Amino acid sequence: MILSDKAILAAIDTRDIVIEPYDRSCLGTNSYDVHLSPHLACYVDDVIDAKMHNQVKHFDIPEEGYVLRPGQTYLGSTLEYTETRRFVPFLEGKSSVGRLGIDIHATAGKGDVGFCNHWTLEISVSQPVRVYAKMPIGQLIYFLVEGEVEVEYSSKSSAKYNQRSSLPVESMMWKNSF
C-alpha cells in the first residue's frame with residue numbers, strides 16, 4: 001500500500017518519516033519531491049573494480065549549472081536528509097527529469113526501514129544535459145510494511161551506508177565477501 005499525502009503528513013507528525021528541509025509545497029498526492037544537492041562526484045579511475053575501494057572526486061555544481069555527459073557515471077545526492085521508521089521509501093525520478101534523458105538511479109531506488117541519510121543518486125544521461133543545484137530531481141514514495149521489522153537498517157552492523165553525509169557516497173561493494 002502506498003501512503004497518501006494525508007498519511008505522509010501523519011507520519012511526519014509522529015516522526016515515522018523525517019524530511020529535512022521540509023517544504024509543504026513539495027508534497028504530492030502520494031509522494032514527496034526531493035531536490036539535487038550542489039554536490040556531485042565521479043570515479044577517478046577509468047576502470048572500476050568491484051573488489052576495490054574505488055576513489056571518487058567530489059565537486060560542486062556552479063551557479064550556472066553543470067553539463068552531464070553520456071558515458072560517465074555521476075554520483076549525486078538529495079538536498080533532503082530523510083529517515084523512515086515504519087515505511088519502505090522508494091525513490092523514483094520525476095517524469096520531467098526523465099524527459100530530459102536523465103536517469104537518477106541504476107538499481108538503488110528502494111530504501112530500507114530505518115534508512116537515515118541523504119540519498120545517493122546514480123546519475124546517467126542519454127545526451128548532454130545541464131543540471132542545477134536545488135532542481136527537483138526525484139520523488140519519494142512510501143510503502144507500508146506488513147509485520148514488525150526485526151532490525152532497522154540504521155541498527156544493522158552490516159549496513160554500509162549508515163554514516164550521515166550530504167556528499168554522494170561511492171560504492172561499498174568492496175566490503176562484501178565474494
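Values quoted throughout were computed directly from the atomic coordinates according to the rules given, and no laboratory measurement underlies them. As the structure is a prediction and not an experimental result, all values here were calculated from the model. Neighbour counts are summed over all protein chains in view; Cβ atoms, including those assigned to glycine, are modelled from backbone coordinates with ideal geometry.
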Note to self: Please compute the Kirkwood hydrodynamic radius of region 62-164 from all pairs of different C-alpha atoms, in Å with one decimal.
What the structure shows: 14.9
Margin query: Can you find, among ILE2, VAL131, LEU121, the residue sitting farthest towards the positive end of the charge dipole of the chain, where Lys and Arg contribute +1 and Asp and Glu -1 at Cβ?
Written below: VAL131
Checklist line | Net lengthening on full extension, THR29/SER4 (0.36 nm per residue, minus Cα-Cα) | finding: 8.4 nm
Note to self: Using amide H atoms built in the peptide plane, which far-off residues or other-chain residues are under 5 Å from GLY28 H to H?
What the structure shows: ASP33
Check: What do the square roots of 5 times the Cα gyration tensor eigenvalues come to for the chain, in whole Å, largest first, as semi-axes of the equivalent ellipsoid?
Finding: 27, 22, 13
Check: Label points 7 Å out from Cα along the Cβ direction at LYS134 and PHE90: separation in nm?
Finding: 3.1
Margin query: Spelling out what I want: for every residue of region 120-130, take phi, set θ = phi - 60°, compute 6.51 cos²θ - 1.76 cosθ + 1.60 (Karplus), and round to whole Hz; glycine and proline get x.
Written below: 8, 9, 9, 8, 9, 9, 8, 8, x, 9, 8
